[in-house]
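Working notes, structure below.
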Amino acid sequence: MQKFTTTVASLALAAAITLAGCASGGAASSANYNRNGYHGYEKDGRVYVFVPGSGAEQKFKRGEEMVKSVTRISALDGKTVVADPDVNLDRYLGTK
């Protein structure tokens with residue numbers, strides 16, 4: 001019975017930690033991801049890129065999902081880059 005109680009307590013603690021992380025909402029950070037005329041935001045381990053002031057950027061800031069996007073896996077510092085289709089991703093990444 002002691003082992004069962006310990007296991008249940010451990011699971012409850014893990015669930016509480018997970019929910020606390022979700023409650024933070026995965027707030028976006030723009031630290032060091034603005035480049036080559038585009039705005040970049042880190043969120044949930046990915047970098048989201050937008051044309052400054054675009055409708056897509058405003059929706060992203062309000063927490064709305066992107067309807068269309070272009071994705072490059074591990075393209076920037078090992079992070080996946082998700083870009084609005086209006087972004088020239090090669091220019092943002094500095095590859096062209």
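Please treat every number below as a calculation from the coordinates, not as lab data. None of these values were measured; they are calculated from a predicted model. Because the Cβ atoms are built from the backbone with ideal geometry, glycine has one as well, and the counts that use them run over all protein chains shown.
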How many nm separate the modelled label positions at LYS43 and ALA27, each set 7 Å beyond the Cα in the direction of the Cβ?
1.4
Spin-label model distance (nm) - GLU65 vs THR95, 7 Å beyond Cα toward Cβ
2.6
Counting only DSSP beta bridges with both residues in the range 27-93, tell me the antiparallel percent, nearest 5.
75
With θ taken as phi - 60° and the coefficients 6.51, -1.76 and 1.60, list the Karplus ³J(HN,Hα) couplings across the range 32-40 in order, rounded to whole Hz; mark glycine and proline as x.
6, 10, 7, 7, 6, x, 10, 9, x
